[in-house]
Ligand SMILES: Cc1cc2nc3c(=O)[nH]c(=O)nc-3n(C[C@H](O)[C@H](O)[C@H](O)COP(=O)(O)O)c2cc1C
């Protein structure tokens, strides 16, 4: 394992290692305005939501690694404490990247990148009409993290209004994760796109108290067949099945076949049962998978 002391690395090296590893990052396409009314539009992937109540986002226009200068977006939010955070979908990604060009102060990146300005309801900076979600925000605080090359500046933005395009909603009026077609930033020039094929669900452990991987027998924990994801799913079950429930599993035709074919061959029996459990977990049948590994 390569172990690096951050104090031995240059800002450029730090940026490289960290941006490849801390990824994918959502993109805040921030529209801001200065006190003279000049509009700016810039993407920031040092961005996330940090609170639901109050609804708060943070993005970070960093000091340039190259020459330690600050960005227009930062100067703008210090002058006019408002912004619109526009969410970037796949259809916008090339123009969004173009908007990150270091144009001179006063140049409106809406025009440079070919986006449409849409008047906001509460704040002065305009929204990006093409964005599937537009968040009108009031800037509560700006926290500088340093004064050296690459130092971030946290812009704490409280969301006041949420605009959502209707075409990304499902029948219940909620955002359909498969329809919003999000993109995210990774290291270097890499991006990723959230396609329906790349989406999967993981059951939330919040409502239940899972038994934990440590409650599983050693032979299951050390299985050469079951993966970490398999153990995570098994450990998320609330109760171990009763002996009767485990025994009843012997009559399952797949289990019965394995038991009949491996009489006196404990090693292969365990491996085949674990393979069956792995298949059951792949189709989401965690309850039966747990009974199979406990046989
Ligand atoms: C997708 C993407 C994400 C970016 N994320 C950041 C970021 O989080 N912080 C930052 O300082 N610069 C980031 N940049 C570079 C800025 O967008 C660029 O320096 C910015 O447009 C400067 O504009 P301004 O001086 O007009 O504010 C990013 C660029 C792209 C294309």
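Name the residue, out of 175, 168, that is within 16 Å of the chain's Cα centre (by Cα), more than 16 Å from the ligand (Cβ to nearest atom) and farther than 30 Å from residue 235 by Cα.
Just a single option satisfies the conditions, and that option is 175.
Can you tell me how many residues within the stretch 34-57 are within 14 Å of residue 153 (Cα to Cα) and near the ligand (Cβ under 10 Å from one of its atoms)?
Going through the stretch 34-57 one residue at a time, the tally reaches 4.
Which one of these does residue 144 not meet: (1) free of Cβ contacts under 8 Å to residues at least 40 places away in the same chain; (2) closer than 18 Å to residue 41 by Cα; (3) within 14 Å of the ligand (Cβ to nearest atom)?
Of the numbered conditions (1) free of Cβ contacts under 8 Å to residues at least 40 places away in the same chain; (2) closer than 18 Å to residue 41 by Cα; (3) within 14 Å of the ligand (Cβ to nearest atom), the odd one out for residue 144 is (2).
I'm trying to understand the selection: among the residues of the stretch 183-211, which are surrounded by fewer than 12 Cβ atoms within 10 Å (Cβ to Cβ) and assigned to a loop (DSSP other than H, G, I, E, B)?
188, 189, 195, 199, 200, 201, 202, 204, 206, 207, 209
Return yes or no: is residue 230 touching a residue at least 12 places away in the same chain (Cβ under 8 Å) and in contact with a strand residue (DSSP E or B) (Cβ under 8 Å, 6 or more places away or on another chain)?
Spelling it out, it is not the case that residue 230 is touching a residue at least 12 places away in the same chain (Cβ under 8 Å) and in contact with a strand residue (DSSP E or B) (Cβ under 8 Å, 6 or more places away or on another chain).
Kindly indicate whether any position in the stretch 258-274 is touching a residue at least 24 places away in the same chain (Cβ under 8 Å), farther than 22 Å from residue 239 by Cβ, under 33 Å from the mean Cα position of the chain (by Cα) and in the same structural domain as residue 234 (by TED's automatic domain parsing).
For the stretch 258-274, residues touching a residue at least 24 places away in the same chain (Cβ under 8 Å), farther than 22 Å from residue 239 by Cβ, under 33 Å from the mean Cα position of the chain (by Cα) and in the same structural domain as residue 234 (by TED's automatic domain parsing): absent.
Quick check on this structure: which one of 31, 60, 97, 120 is within 8 Å of the ligand (Cβ to nearest atom), touching a residue at least 40 places away in the same chain (Cβ under 8 Å) and buried (at least 17 other Cβ atoms within 10 Å of the Cβ)?
Checking each option against the conditions leaves just 60.
Kindly indicate whether any position in the stretch 271-278 is out of contact with any helix residue (DSSP H, G or I) (no Cβ under 6 Å at 6 or more places or on another chain) and either closer than 30 Å to residue 176 by Cβ or at pLDDT below 95 (or both).
Checked against the condition, which is being out of contact with any helix residue (DSSP H, G or I) (no Cβ under 6 Å at 6 or more places or on another chain) and either closer than 30 Å to residue 176 by Cβ or at pLDDT below 95 (or both), the stretch 271-278 yields no hits at all.
I'm trying to understand the selection: among the residues of the stretch 18-52, which are in a strand (DSSP E or B), touching a helix residue (DSSP H, G or I) at 6+ places or on another chain (Cβ under 9 Å) and under 23 Å from residue 181 (Cα atoms)?
25, 29, 30, 31, 41, 42, 43, 44
Can you tell me which residue is farthest from residue 185 (Cα to Cα) among those in the stretch 1-12 that are surrounded by fewer than 17 Cβ atoms within 10 Å (Cβ to Cβ) and at pLDDT below 95?
Ranking the candidates gives 10 first.
The values are calculated or read from the model by the stated rules, or taken from the named source; none is laboratory data. These numbers were taken from a predicted model, which means no experiment stands behind them. Cβ coordinates were reconstructed from backbone atoms using ideal geometry, including for glycine residues, and neighbour counts include every protein chain displayed.
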